[in-house]
1. Give me 1, 466, 43, 301 ranked fewest to most by other Cβ atoms within 10 Å of their Cβ, as a rough exposure proxy.
2. Using per-residue counts of other Cβ atoms within 10 Å, averaged over each peptide, order 289-296, 310-317 from highest down.
3. Please report the relative contact order for the chain, taking Cα pairs under 8 Å with a sequence separation of at least 6, and give it as a percent rounded to a whole number.
4. Distance between Cα centroids, the range 114-150 to the range 162-208: provide it in whole Å.
5. Pairs of Cα atoms under 8 Å, at least six residues apart: use those to get the relative contact order of the range 292-395, whole percent.
6. So between residue 135 and residue 95, what do we pick up on full extension, going 0.36 nm a residue minus the alpha carbon distance?
7. Over the range 382-455, what is the mean sequence separation of C-alpha contacts under 8 Å (at least six apart), divided by residue count, expressed as relative contact order in percent?
8. Please compute P(r) over all alpha-carbon pairs of the range 1-129, binned at 5 Å starting from zero, and give each bin as a whole-number percent.
């Protein structure tokens, strides 16, 4: 048994259930990416400590005790995973107990390995004990031109307004940031507005689009839903999706447990730092979502409005998006996520996770071309697995998707998918040229941020091992 894959599966199940059981444990993209990083770092350090080969698997935390002689690796990994999962998701302890009982751990070295895994878990949890939560208590939304506001079609709070600025990084060596995005008045902003107004509109409103607007195609709608995982019931969050993709590749490649210990630690640490730095940038730039920006795209609209009685042609006060899918909740409206648009969390998480995987498998640093890592493989998103229902109660068909452009194709498609749901501007994912082709020469969007995080963490891990970041909160 590969203990890393076994407990990774348990952690992904915990993420799924936590968004379904009402216990509100480690929910949302920020806290779920943090939780997965903690579990995988504990497994990594437990594995690395018992194997005692720092040239190959150097420890993440400095100063950990040595395991007792004869400690079993699988026991150490199991204890590290079990203790962190139980601490993060206490409502699911019965499930973790069952997973531990089913793990068939060896008798030889069981006690020693378990004791060591428990020590590692305690140290990792203590290291992240001061992390802020996702509460918006005390947050006062700023009012300025193009400022983020609540989704006018859904009552909601602001998710994690303090999390990014007040969290220390897990492994990044710098608090990577982004340039100012296109804003109202820019030609690129207007182009992005026209695109999402047409491609992301609610299906029942498509007939209200002016002549000449290109409609969303059935394939684009599939792409939008396929990459969803917006904290939906029985699905969880995007970090679960990207872990599922990496599992598919790791299993196909026949990774050893040692390789998986390092790969899944890298992937989940990159996503944890993506959650921190993307949310830092979100509330720093504080850009409105399309559902507000399109409805208020006239000087007469919004809290800073001035007198005007003839709306410009690019304003639609009744526009609504297709929306982030409220899967498995019949009768509940799709929605716009409750945090600012820029940069896209999906784009940042996806680029960080999938690019660090590309680097792990030998794609050169700086390479942004198609790869062949997914050749011969397919992936079925839980959004379209033949079981999940849409918010009208209809079961979506099972959709098997392949990616001839590899993980790079996934990175781009994942970023564009949010436009097709109407919840993001294209530049929230990446800059584009006049032909709507991705342009990575500009430091704009979540893909640019995710790539920087992946290259930073992977480069440091090659040079000095899996090291804890010394980069603290911004504020």
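1. Numbers: 1 10, 466 22, 43 33, 301 17.
Fewest-to-most Cβ neighbours within 10 Å comes out as 1, 301, 466, 43.
2. Result, highest mean first: 289-296, 310-317.
3. Normalised by residue count, the contact order of the chain is 21 percent.
4. Each part reduced to its Cα centre gives a spacing of 22 Å.
5. The value is 29 percent.
6. Working: separation 40, 0.36 × 40 = 14.40 nm, distance 2.72 nm.
That works out to 11.7 nm of additional length.
7. Working: 68 pairs, mean separation 11.9, N = 74.
This gives 16 percent for the range 382-455.
8. All Cα pairs, binned at 5 Å, distribute as 2, 12, 23, 24, 19, 12, 6, 2, 0 percent.
Values in this text are rule-based calculations from the coordinates and carry no lab data. It should be emphasised that the depicted structure is a prediction, and the values quoted were computed from it without experimental measurement. So basically every Cβ, Gly included, is an ideal-geometry build from the backbone, and we count neighbours across all protein chains shown.
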